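Asker: Here it is, the structure in full.
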Amino acid sequence: MLTIRNLEKDYGGVPVLERISLDIKEGCFCGIVGPSGCGKSTFLRILLGQEAPSRGELLLDGVPLPNEPSTERGIVFQRYSVFPHLTARENLLLAHDFEGSPFLGRAFGTRRREAERMADQLLDRTGLDPARDRYPAQLSGGMQQRLAIAQALMKRPRMLLLDEPFGALDPGVRLEMHDLLLELWREHGMTVFMVTHDISEAFKLSTRVLTFDKVRTDPQFPDAYGATVTYDLSVDGTAFPDNIEKDDPNAEAG
Ligand SMILES: Nc1ncnc2c1ncn2[C@@H]1O[C@H](COP(=O)(O)OP(=O)(O)OP(=O)(O)O)[C@@H](O)[C@H]1O
Ligand SMILES: [Mg+2]
């Protein structure tokens, strides 16, 4: 589905990413780990189209990805800013409005009813239904994060980009979020890229784990080289029984 060829990214002549080539299958759950500052968020921003690569190719179904965010790609940041003046349900409906008509705003008629149906379904699936009319400030961190994920899913993205989505959550809520994310991933058949600092989380959830790091370093010039993919591991399920059949997004849970 996604082909990346010799992708490189510099900021003001300083290389951040270099020589990244990957083929990503539709439905893959790609975990991304690596030291702080190695370019993981930069890589996600390039996938999102928020940032252009300095060199190299990025093809979706063989066609160059447009350098602007589109509804094919949804993103959830570590601290996602849902709109504070809108309730949980209104936040979801707004995500849908923006997609349909970014300048006009609200959707009407059939489109509106479709959006409401989707919002209610997602509120239900993320366990936020009882909190549908609450404002973000009245939600816990875990609930806000579920709302952010629901908001990204309102656009039915083919690709879901998650940048340390559970970093701020306590361990119990994290485990609940893992289950929810895996269920939604299977249901929607999405391709997921998830950056995390937690290696066990990456192996638990992913079908493929990519590690980013610098392979070349020059002590005289620490900025001379960028990071690349140092390991590309297929998680086959033998070592991680939780992972069996995760390559098939439509596979039954369990
Ligand atoms: N807009 C920008 N302008 C200049 N330099 C940038 C910009 N964005 C990122 N960088 C630099 O690129 C490098 C990679 O940053 P990035 O945020 O992608 O790292 P990361 O792997 O996500 O780190 P962390 O794990 O701490 O989130 C850093 O050295 C950062 O300073
Ligand atoms: Mg980052």
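Asker: Solvent-accessible area of Thr230, probe 1.4 Å, all protein chains present, reported in Å² to the nearest ten, please.
Answerer: The value for Thr230 is about 50 Å².
Asker: Given a 1.4 Å probe, how much area per residue of region 1-77 is accessible, in Å²?
Answerer: Spelled out: the 1.4 Å probe surface of region 1-77, per residue, equals 42 Å².
Asker: Hey, can you list the DSSP H helices of the chain whose Cα span along the axis is 27 Å or longer and whose average Kyte-Doolittle score is at least 0.5?
Answerer: Correct list, ordered by number: empty.
Asker: Please report Rg over Rh for the chain, where both radii come from the alpha carbon positions and Rh follows the Kirkwood definition.
Answerer: For the chain, the value is 0.98.
Asker: Treating cross-link reach as a plain straight distance, find the lysines whose alpha-carbon is under 22 Å from the alpha-carbon of Lys40, omitting any fewer than eight places away in the same chain.
Answerer: Lys9, Lys25, Lys204, Lys214
Asker: Could you work out how much longer the chain between Asp218 and Glu114 gets when fully extended? Use 0.36 nm per residue separation minus the Cα distance between them, nm to one decimal.
Answerer: That works out to 31.8 nm of additional length.
Asker: Still on this model: If amide hydrogens are placed 1.01 Å from N in the peptide plane, which non-local residues have theirs closer than 5 Å to the one on Val16?
Answerer: Under 5 Å from the amide H of Val16 lie the amide H atoms of Lys9, Asp10, Tyr11, each far enough along the sequence or on another chain.
Asker: Sticking with this structure for a sec: Restricting to DSSP H runs of at least four residues, report the calculated mean residue ellipticity at 222 nm for the chain, -39500 (n - 2.57) per run over all residues, nearest 500 deg cm²/dmol.
Answerer: Theoretical 222 nm ellipticity from helices: -9500 deg cm²/dmol.
Asker: Pick out, in residue order, every one of the GluC sites (Glu not before Pro) in region 143-218 that is DSSP loop and has at most 12 other C-beta atoms within 10 Å; say none if there are none.
Answerer: For GluC sites (Glu not before Pro) across region 143-218 that sit outside H, G, I, E and B with at most 12 neighbouring Cβ atoms in 10 Å, the list is empty.
Asker: Can you pull the one-decimal nm distance between simple spin-label points at Asp198 and Glu68, each 7 Å off the Cα toward Cβ?
Answerer: It is 3.7 nm.
The values are calculated or read from the model by the stated rules, or taken from the named source; none is laboratory data. Because the structure is predicted, anything quoted here is derived from the model rather than measured. Neighbour counts run over all protein chains shown; Cβ positions are idealised from the backbone, glycine included. Heads up: the accessible areas ignore ligands, DNA and RNA and are worked out on the full protein's heavy atoms, side chains in. Shrake-Rupley method; radii C 1.70, N 1.55, O 1.52, S 1.80 Å.
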